[in-house]
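Values quoted throughout were computed directly from the atomic coordinates according to the rules given, and no laboratory measurement underlies them. Model, not experiment: these values are computed from the prediction. With ideal geometry, Cβ positions are generated from the backbone for all residues, glycine too; neighbour counts draw on all protein chains shown.
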Amino acid sequence: MKYGINAYAVDVDELISMIGSHDVNFLNSLKFDIADDISRFKRNRQRPGDHDIEELLSFIVFNDLRPSKNNNADYAYALELMCKGMGKAMYPEALRNLSRERFVELHEINELGSRPGPLFNKIPWPDQVPRIGCIPNREMRDRYEVAMQLFTIQEDHNKKAYYHEYIGWLIEANKRGSGLVTFMY
């Protein structure tokens, strides 16, 4: 099985504040901004019996969370669309098609797929994939320093490429004054 990470530079505090906000204007604006992504999701990912993706976005914004039929993965996909609409998508190059063994070796990057951070209590958490990682805005500097140390001591060129990409994500998010939310598939 191969893994990959999608990352979004997004203001984590703002994202959290929108969950359960009952903000109709935000919801309508979000749906307009990501209309193409919603259509693509309905065509390619939505399975029979799943909640409609627009319903899920509404459930999240209105904190009217319903039981999920697919281990809560549908809420994670809706959250990913929220991140895409509210922030900047940073698509992986080196960090896609990773073997499980390679992924586990990359401690700091692996942590992104397993630390939900402040989002944990806000939405139902998927039992399997996608794994959601969250680095709040205030932690970006510390994560950057750790990643730079790991990059510096790395001798494996493939691992160096992974850390290089991860550091690029941290720099981009920090330039935007954002945090980083990741989805590991």
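Things to note:
- Of Phe32, Phe183, Phe26, the sequence from fewest to most neighbouring Cβ atoms within 10 angstrom is Phe32, Phe26, Phe183.
- Evaluated over segment 1-52, the Cα radius of gyration and Dmax, each in Å: 14.0, 41
- Relative protection proxy for 171-181, 138-148, from highest mean packing down: 171-181, 138-148 (other beta-carbon atoms within 10 angstrom).
- Multiplying the residue separation of Phe32 and Asp142 by 0.36 nm and subtracting their alpha-carbon distance yields 36.1 nm.
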